[in-house]
Every structure is written in C-alpha cells, then in structure tokens.
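A.B. asks: First, the structure itself, so that you have it in front of you.
The values are calculated or read from the model by the stated rules, or taken from the named source; none is laboratory data. Since this is a predicted model, take the numbers as computed values, not measurements. No Cβ is skipped: glycine too gets one built from the backbone with ideal geometry, and neighbour counts run over all protein chains shown. Please note that ligands, DNA and RNA were not included when accessible areas were found on the heavy atoms of the full protein model with its side chains. Shrake-Rupley method; radii C 1.70, N 1.55, O 1.52, S 1.80 Å.
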Amino acid sequence: MTRRDLFYILDWLMQLPEWLNSRVWQELETIEENENMEYITSVERIGMIRGQYTLLKSQLECRFGLLPEWASERLQCAKAKELEAWGKAFVTAPTLEAVFNKSDVS
C-alpha cells in the first residue's frame with residue numbers, strides 16, 4: 001500500500017454524513033472567528049509544506065543551478081520552520097551554502 005492509498009483510505013474513513021459535515025464546518029468557522037485562529041487540517045499542513053519545498057527547490061535551482069546531494073537531502077528532511085527560514089535567507093544569500101548557514105531556525 002502506497003502513502004497515497006493510505007490517505008485515500010483515511011479520507012474515506014473520516015468522511016462524515018453531509019448534514020454533520022456542514023455542522024462541523026459551521027462550528028469550526030465560529031471557533032475561528034471567536035478565537036481569531038485559523039483551523040488547518042493535517043492534510044492541508046502537509047500540502048503547505050510540500051508547496052514550500054517545491055517553491056524553494058525551484059528558486060534555489062534557478063539561482064544556483066542543479067542542487068548538490070547535501071542540499072537536496074536537507075530540503076527533503078526539512079520542517080516548515082526551516083523551509084520558511086531558508087526561503088527568507090535565499091533572498092540575500094550570496095551562495096547556496098549561505099542559504100542554509102545564514103538562516104536562523106529555532
């Protein structure tokens with residue numbers, strides 16, 4: 001079973017009846033408004049990280065050429081905070097090494 005198959009199964013298992021699904025989303029919208037906080041599902045979070053990774057990889061390759069293995073490995077294992085920090089460092093870093101060394105990831 002691939003990861004994709006697993007996500008489809010999980011999505012199917014977590015589907016609610018339409019009437020309940022509507023109610024859940026109404027409740028979430030109310031909580032978001034009252035708490036001034038956006039609800040993000042785990043699947044959305046994964047998609048956001050993939051998007052950050054894809055964009056940063058493309059930008060780095062456009063600027064510095066084909067990425068060496070060490071850089072590709074760091075990108076593939078990166079957490080959201082790292083991708084964000086490297087994305088900011090990319091703007092002013094003179095070299096690929098500086099992108100990864102200059103960023104302030106906490």
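A.B. asks: If I ignore ligands, DNA and RNA and count only protein heavy atoms, how much of Arg23 is accessible to a 1.4 Å probe, in Å² to the nearest 10?
C.D. replies: Rounded to the nearest 10, that gives 140 Å².
A.B. asks: When the solvent-accessible surface of protein heavy atoms is calculated with a 1.4 angstrom probe, in what order do Tyr53, Tyr39 fall, highest first? Present the calculation step by step, with values, prior to reporting the outcome.
C.D. replies: Values: Tyr53 55, Tyr39 100 Å².
Highest to lowest solvent-accessible surface, that is Tyr39, Tyr53.
A.B. asks: Taking N as the number of residues in the stretch 40-106, what is its alpha-carbon radius of gyration divided by 2.2 N^0.38 Å?
C.D. replies: Working: Rg = 11.7 Å, N = 67, 2.2 N^0.38 = 10.9 Å.
Rg over 2.2 N^0.38 Å, computed on Cα atoms: 1.07.
A.B. asks: Please list Arg45, Arg74 from largest to smallest accessible area, probe radius 1.4 Å, with all protein chains kept in place. Don't skip to the end; give the middle numbers.
C.D. replies: Values: Arg45 120, Arg74 95 Å².
The residues order as Arg45, Arg74, largest area first.
A.B. asks: Can I ask one more? Shape of the stretch 25-66 from its Cα gyration tensor (a ≥ b ≥ c, root eigenvalues): rounded if a/c is under 1.5, otherwise prolate when a/b > b/c, or oblate?
C.D. replies: Details: a/c = 6.91, a/b = 3.51, b/c = 1.97.
Cα axes put the stretch 25-66 in the prolate bin.
A.B. asks: For the stretch 11-106, what is the accessible area per residue in Å², given a 1.4 Å probe and the full set of protein chains? Write out the running numbers ahead of the final one.
C.D. replies: On the way: 7390 Å² over 96 residues.
Per-residue value: 77 Å².
A.B. asks: Leaving ligands, DNA and RNA out of it, work out the accessible area of Cys77 with a 1.4 Å probe and give it in Å² to the nearest 10.
C.D. replies: Surface accessible to solvent at Cys77 totals approximately 100 Å².
A.B. asks: What figure, in Å² to the nearest 10, do you get for the accessible area of Val91 with a 1.4 Å probe and non-protein molecules left out?
C.D. replies: 100 Å²
A.B. asks: What full-extension length gain, to one decimal in nm, is calculated for Trp70 and Gln15 as 0.36 nm per residue of separation minus the Cα-Cα distance?
C.D. replies: On the way: separation 55, 0.36 × 55 = 19.80 nm, distance 4.04 nm.
Difference between extended and current length: 15.8 nm.
A.B. asks: Roughly how many nanometres apart are two label points built 7 Å out from the Cα toward the Cβ at Ala80 and Glu35?
C.D. replies: If labels sit at Ala80 and Glu35, their model points lie 1.4 nm apart.
A.B. asks: On to the next question. Ordering Phe64, Phe90 by accessible area with a probe of 1.4 Å, largest first, what comes out? Could the numbers behind the result be given before it?
C.D. replies: Values: Phe64 60, Phe90 35 Å².
Sorted by accessible area, descending: Phe64, Phe90.
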